[in-house]
Amino acid sequence: MKIIFNFFSLCFACSILILSNSKFVYGIGNVNWVLLKENNDGKEWIDMGSIKEINNQEISVLTKFFKNPKESSDKGQLSLYVMRINCNDKRYKDTSINGIPQFGSKWQTSNNDELIDVVIEKSCSEK
């Protein structure tokens, strides 16, 4: 019983030390959302501070999408995506959706989705 108590005490102490680090806390809320486009499907934002160049052709960016409700009684749905974009091919893949890694996601085109097109255009122009 004493071993379990010591283990939980150690875990609690470590979590206090990690969470009290001010740089860690600042990093969580440091986003710069820019609304790119709004249409009948919903609204699309990107976090301008999240655009990272992976190599000469590819970038990574955090996006936010609000899906408009289909019926007036619905509230709509907000989702966060980490997208990897190939700026030369104008293709993308979602590497994370709402914080859940998407292992094995495939490269795809926007299929003329104007919200995805505007994310690719804006993100690639900022790299």
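With respect to the conditions (1) small (Gly, Ala, Ser); (2) in contact (Cβ under 8 Å) with a residue 60 or more places away in the chain; (3) touching a Leu at 6+ places or on another chain (Cβ under 8 Å), SER123 lacks only one, and its number is (3). For the stretch 95-120, the tally of residues that are of a type in the set (Asp, Glu) and either buried (at least 17 other Cβ atoms within 10 Å of the Cβ) or outside the structural domain of LEU36 (by TED's automatic domain parsing) (or both) stands at 1.
Counting only residues that are in a loop (DSSP other than H, G, I, E, B) and without any contact (Cβ under 8 Å) to a residue 24 or more places away in the chain, the stretch 47-67 holds 2 of them.
The single condition from (1) within 12 Å of the chain's Cα centre (by Cα); (2) closer than 21 Å to ILE100 by Cβ; (3) at pLDDT 95 or above that PHE66 fails is (1). For the stretch 90-112, the set of residues classified as in a loop (DSSP other than H, G, I, E, B), under 21 Å from LYS37 (Cβ atoms) and touching a residue at least 12 places away in the same chain (Cβ under 8 Å) consists of LYS90, ASN98, THR109, SER110, listed by residue number.
The values are calculated or read from the model by the stated rules, or taken from the named source; none is laboratory data. No experiment lies behind these values; they were computed from the predicted model shown. All Cβ positions, even for glycine, are placed from backbone atoms using ideal geometry, and neighbour counts span all protein chains on display.
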